[in-house]
């Protein structure tokens, strides 16, 4: 018997009739296409073919709740076999952070990439300074800085996102996409560079914990797999081939950050 897996994502779109659609639209489109789920369940969305083609792309089978324009489900198989999305894994130069990492072990999920179901992290086991050994690498850090294997990232530098703030922690993740990619691309864009930044494979040299800025905030648990430490991160590899966010998503995120600053809400819990 052949086993098949299905990736499902559900989302309240809060469609174009609602505030802030011009900013949210490209973010939603980019995120849904990146997740590339087999089944997508949308709420608060117009049941309109042109609108859904723009949001999701074509080649899908759709069903909507009768008599309303508020809900839609779509589905598509991404191949002739089981409904499992595959892709080329990121590669890096340097050594892996520990045995059993993505460099030495085959995994069903593409290493360093968020899957659709990860957005609901209800089984999250809290990561604390006293209890963090259950978090497996490899670990990644996105930045504008040009580094080499053996370099160490340390706290005490200025924040890329909040002017005048000196950071007490160094942040890292187990996900290249979307988390480390955001770190690299936003840091570079905020510095006024056309370069997309760099993603490094890192090794934390001391205890670490969940990033409180994203843990149990918009989603339960820590779906972006973001962590922080007061100890150095040692660079053990340079990610040579990584997928980034498209330019329109970066522009939309920068506009969102500007709006938060203007409202006095761009405060980092550090």
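The values are calculated or read from the model by the stated rules, or taken from the named source; none is laboratory data. Given the structure is predicted, the values throughout are model-derived calculations rather than measurements. Cβ placement follows ideal geometry from the backbone for every residue including glycine, while neighbour counts extend to all protein chains displayed.
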Could you give every pair whose Cβ atoms fall below 7 Å, whose first residue belongs to the range 1-28 and is loosely packed, with under 10 Cβ neighbours inside 10 Å, and whose second residue is modelled with pLDDT of 70 or more and assigned to a loop (DSSP other than H, G, I, E, B), counting only separations of at least 6 or pairs across chains?
none
Quick check, is residue 259 more than 18 Å from the chain's Cα centre (by Cα), loosely packed, with under 14 Cβ neighbours inside 10 Å, under 20 Å from residue 24 (Cβ atoms) and not assigned by TED's automatic domain parsing to the domain that holds residue 32?
yes
Say whether the condition of being part of a helix (DSSP H, G or I), modelled with pLDDT of 90 or more, crowded, with 21+ Cβ neighbours inside 10 Å and touching a strand residue (DSSP E or B) at 6+ places or on another chain (Cβ under 8 Å) is met by at least one residue in the range 164-179.
yes
Answer yes or no as to whether residue 252 is in a helix (DSSP H, G or I), in the same structural domain as residue 140 (by TED's automatic domain parsing) and crowded, with 17+ Cβ neighbours inside 10 Å.
no
Among the residues in the range 142-156, are any at pLDDT below 90, out of contact with any helix residue (DSSP H, G or I) (no Cβ under 8 Å at 6 or more places or on another chain) and surrounded by fewer than 19 Cβ atoms within 10 Å (Cβ to Cβ)?
yes
